[in-house]
Amino acid sequence: MRVIVGITGGSGAIYAVSLLKALKELNIETHLVVSKMGEFVLKHECDLSIEEISKLANYYYNNDDFRAPIASGSFKVDGMVVVPCSMKTLSAIANGYSDSLLTRACDVIIKESKKLVLVPRETPLSPIHLENMLKLSKLGIKILPPIASFYNHPSTIEDIIIQFTGRILDNLNIENNLVNRWDGR
């Protein structure tokens, strides 16, 4: 399996780190692209440099490199996740504005009818944000805000992050044991 992971400037870089670690443990090939603000947030929230985060992926591409394989529909990939997904990036994706490798890769995923999961990180949501999300949802893109579940009785922030990471994997149809699944009890 092959997955593209995009990281943008919304708060919640820890989810991207958790996802990359989980994909690595599952031996899934990852292709990473990070926006400039994504780099800033990774450093600010997780104290990770681009060099450190890129070691969690099989391949890393500069966000300005439109020659990268992930910019082409001929590149075979199973899906893509943008986590966190800033509202700027979400707007660019919703409107086909491919001004970076990250947004171009999303555009390719959509045109090739592959699975795209966006983890938007903003609150409150404006009508513009909601319209862009609705537009993308109608195209089959999964909009997965990082909202914690509490039926599993998390006792740490890590419990919340791991549970949500499992839900991202679920939405990519990747089997995992990270989700504490509801059993009705």
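Bear in mind these aren't lab numbers, they're just calculated from the coordinates by the rules spelled out. Since the structure is predicted, the reported quantities are computational estimates derived from the model, not experimental observations. All Cβ positions, even for glycine, are placed from backbone atoms using ideal geometry, and neighbour counts span all protein chains on display.
Quickly estimate the mean residue ellipticity at 222 nm for the chain, helices only: each DSSP H run with n ≥ 4 gives -39500 (n - 2.57), and the total goes over all residues, rounded to 500. The partial results should precede the final answer.
Values: 7 runs with 75 residues, N = 185.
That calculation yields -12000 deg cm²/dmol at 222 nm.
For a footprinting-style exposure proxy, rank H31, H129, H44 by other Cβ within 10 Å, fewest first. Kindly include the intermediate steps, with their values, before the conclusion.
Working: H31 21, H129 17, H44 13.
Sorted ascending by nearby Cβ count, the order is H44, H129, H31.
Could you work out the local net charge near M133, counting Lys and Arg as +1, Asp and Glu as -1, over the other residues with Cβ closer than 15 Å to its Cβ? Could the numbers behind the result be given before it?
Details: positive: K88, R121, K135, K138, K142; negative: E122, E131.
Local charge sum for M133: +3.
Over the range 1-117, what is the relative contact order in percent, taking alpha-carbon pairs closer than 8 angstrom and at least six residues apart? Could you put the intermediate results ahead of the total?
Details: 215 pairs, mean separation 38.9, N = 117.
With pairs under 8 Å counted, the relative contact order is 33 percent.
Can you put V119, V17 in order, fewest other beta carbons within 10 Å first? Let's see the in-between values first.
Values: V119 26, V17 20.
The order, fewest Cβ neighbours first, is V17, V119.
If Lys and Arg each add +1 and Asp and Glu each add -1, what is the summed charge of the other residues whose beta carbon sits under 15 Å from the beta carbon of Q163?
Taking every other residue near Q163 into account, the sum is -1.
Sum up the charges of everything whose Cβ sits under 13 Å from the Cβ of K142, counting Lys and Arg as +1 and Asp and Glu as -1, but leave K142 out.
Details: positive: K114, K115, K138, R167; negative: D170.
Charge balance near K142 sits at +3.
Using Cα positions and a limit of under 17 Å, work out the lysines in reach of K114, with same-chain residues fewer than 8 apart set aside.
Of all the lysines, those that pass the test against K114 - Cα under 17 Å, at least 8 places apart if same chain - are K76, K135, K138, K142.
Near K88, which aspartates and glutamates are there with a Cα under 17 Å away, not counting those fewer than 8 places off in the same chain?
Straight-line reach from K88, under 17 Å: E39, D64, D99, D107, E122, E131.
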